[in-house]
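The values are calculated or read from the model by the stated rules, or taken from the named source; none is laboratory data. If you're wondering where the values come from, they're calculated on a predicted model, not measured in any experiment. Ideal geometry is used to build each Cβ from the backbone, glycine not excepted, and the neighbour counts take in all protein chains shown. Ligands, DNA and RNA are excluded from the accessible area calculation, which covers all protein heavy atoms including side chains. Shrake-Rupley method; radii C 1.70, N 1.55, O 1.52, S 1.80 Å.
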Amino acid sequence: METIIVKFTEDTIQNNEKIKTAGKIIREGGVVAFPTETVYGLGADALNSRASQKIYAAKGRPSDNPLIVHISNIEDLRKITIEVPEKAKKLAARFWPGPLTMIFEKSEVVPLETTGGLQTVAVRMPNHPIALALIQEGGGFIAAPSANISGRPSPTLAEHVIFDLYGRIPMILDGGLVGIGLESTIVDFSEEIPMILRPGYITKEMIQEVIGEVRVDPWLVAASEEGHPKAPGMKYKHYAPKAQLILVSGVQERVQKKINNLVKEAMEAGKQVGIIGTDETYLEYPYGIVKSIGTRTDEDTIARHLYKILREFDDQKVEIIYSEYFLTPKIGQAIMNRMLKAAGQQVIEV
Ligand code: TXA
Ligand code: MG
C-alpha cells in the first residue's frame, strides 16, 4: 500500500484540504495516523467494527486490548455512553481537551471490536488542532491507540510512525514532535470510586483537587507482573526498546559512579552500551553512547524525549542501556511507570 505523508506547519492546519482527505479516508472505513499532544495515534471510525479491526491488524495488536475513542465535542459523549457521572463531567470541564482518558459504560453504537469485547468505553478529547480537525472531518468518533507496532515505544515524531507503519496504512499526518510525549492518564468511572488505570501528565493530585477521592489500580502500585491490571494494555511488555534497560537509583554521584563502572564492564564484554543522563550530568559519562533526556529543572522535557531516545538507541544497535532514575512528584510518576515497564522492573539501588 502506498502511504501518503502530509507535513503541517502551524498556519496550514485551518481548513486544510489534506485533513478533509484524511477525514474522508476515516469515514470510508480506513485508518490514518495523526498527532495528538501525548503521542501519535492510529485512527479509524470508532463506530465501524471493520474499521477498528484494521487498526489491530496494522499494529499487530492483541484483539482483547481496547481502543480509546477520541471526540472533539463534549456533547458527543452522550452518544457513546449510557451515563456520565457528575465527577467525570467536572474532570472533563477542567482537563478537556487534554491528556485525560475516562472510562464509562458504553452505549450500543460502540461495537465490541472497538472496546476489545468490554461493555465499557474509554474516551478522550485530545488537545491538538490537527487531531481535533481530523475528528470533526472523520465523523466525530475516532478510535486510536498509539501509532506504533505493538510492543514498540509509542511514537512522538512522525518519523517513528513512518518507521513502524509505512506501507501498512494509507496516510500519516506529520505535526512534528508532540508536546507531552507520554500517553494520557486513564481514569475508570465504571466503579463507585474512580480509579487511575494508567498514570500520565494529569496526576492523581490534580484529579483529587477537582473530585476528591481517587484510587490507583493496585496492580500499578505493586509494580508487579502478577494479577491483572484493569487496563488490559498495561499487562503487555509495552514501551520496550530492543536493548536491555537497567535503571540505577540513589544519590546522584553514586549513581554516576555505578553507571560508569557498569558501562566499562559491558564494553569490555564487547557490548554496544547506551547511557541516559540529563543536561546536568551527561558530561560525567566518558564511555558509551551518552544521551541527555532533558533537564531535571523541567521534568516535562524528560517525558517528551523518553520514547525518542529509546528508539534512537535501537537504531544505533545498542544492546544494553543504563539510565538514571527520574522519580519526581508530578509527571515523574508517569515517567517511572513507563521506564520501569521498559526495564522489566530492573533497578539497581546504590
Ligand atoms: O494518549 C493516549 O491515550 C494515546 C493517544 C493516541 O490518544 N492513546 C493510547 O492508546 O495510548 P493505547 O491504545 O496505546 O492505550 C490505551 C490503553 C490500553 O492500555 C487499554 O488497555 C486501555 O487504554 N483501555 C482502553 N479502553 C479500556 C476500557 N474500556 N477499560 C480498561 N482499559 C481500557
Ligand atoms: Mg499504546
Discussion item. Can you say whether residue 49 is over 18 Å from residue 159 (Cα atoms), of a type in the set (Gly, Ala, Ser) and away from ligand 1 (no atom under 13 Å from the Cβ), as far as the supplied structure shows?
Written reply: yes
Worksheet item: When you go through 68, 74, 55 one by one, which is the residue that is among the hydrophobic types (A, V, I, L, M, F, W, C) and either farther than 29 Å from residue 335 by Cβ or away from ligand 1 (no atom under 16 Å from the Cβ) (or both)?
Response: 74
Worksheet entry | Search result, residues across region 136-150 that are closer than 17 Å to residue 57 by Cβ, assigned to a loop (DSSP other than H, G, I, E, B) and open to solvent by less than 30 Å² (accessible area, probe 1.4 Å) | 144, 145, 147, 148
Discussion item. Looking at region 65-84 only, could you name the residues that are in contact (Cβ under 8 Å) with a residue 40 or more places away in the chain, open to solvent by 40 Å² or more (accessible area, probe 1.4 Å) and in a loop (DSSP other than H, G, I, E, B)?
Written reply: 73
Practice prompt. Would you confirm whether any residue within region 128-150 is within 21 Å of residue 342 (Cα to Cα) and at pLDDT below 95?
Written response: yes
Worksheet entry | region 213-230 residues that are surrounded by fewer than 12 Cβ atoms within 10 Å (Cβ to Cβ), paired with ones that are at pLDDT 90 or above (beta carbon under 7 Å, 6 or more apart) | 213/193
Item to complete: Using the structure shown, decide if residue 142 is within 16 Å of ligand 2 (Cβ to nearest atom) and over 16 Å from residue 42 (Cα atoms).
Response: no
Worksheet item: So how many residues does region 172-209 have that are assigned to a strand (DSSP E or B) and either within 19 Å of residue 69 (Cα to Cα) or within 15 Å of ligand 2 (Cβ to nearest atom) (or both)?
Response: 10
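Residue by residue, here is whether (1) β-branched (Val, Ile, Thr); (2) more than 23 Å from residue 347 (Cβ to Cβ) holds:
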position	(1), (2)
169	yes, yes
184	no, yes
211	yes, yes
215	no, yes
219	no, no
Item to complete: Mind listing whichever residues of region 97-124 are of a type in the set (A, V, I, L, M, F, W, C), more than 8 Å from ligand 1 (Cβ to nearest atom) and buried (at least 19 other Cβ atoms within 10 Å of the Cβ)?
Response: 100, 102, 104, 110, 123
Worksheet entry | Residue that is of a type outside the set (S, T, N, Q), out of contact with any helix residue (DSSP H, G or I) (no Cβ under 8 Å at 6 or more places or on another chain), more than 14 Å from ligand 1 (Cβ to nearest atom) and touching a residue at least 12 places away in the same chain (Cβ under 8 Å), where the choices are 129, 170 | 129
Practice prompt. Check region 31-53 and report whether any residue there is away from ligand 2 (no atom under 16 Å from the Cβ), aliphatic (A, V, I, L, M) and either in a strand (DSSP E or B) or open to solvent by 10 Å² or more (accessible area, probe 1.4 Å) (or both).
Written response: yes
Worksheet entry | Test: residue in region 283-295 that is of a type in the set (D, E, K, R), within 23 Å of residue 264 (Cβ to Cβ) and buried (at least 19 other Cβ atoms within 10 Å of the Cβ) | yes
Response to the item:
Checked 340, 262, 283, 327 against criteria (over 22 Å from residue 177 (Cβ atoms) and in a loop (DSSP other than H, G, I, E, B)); the one match is 327
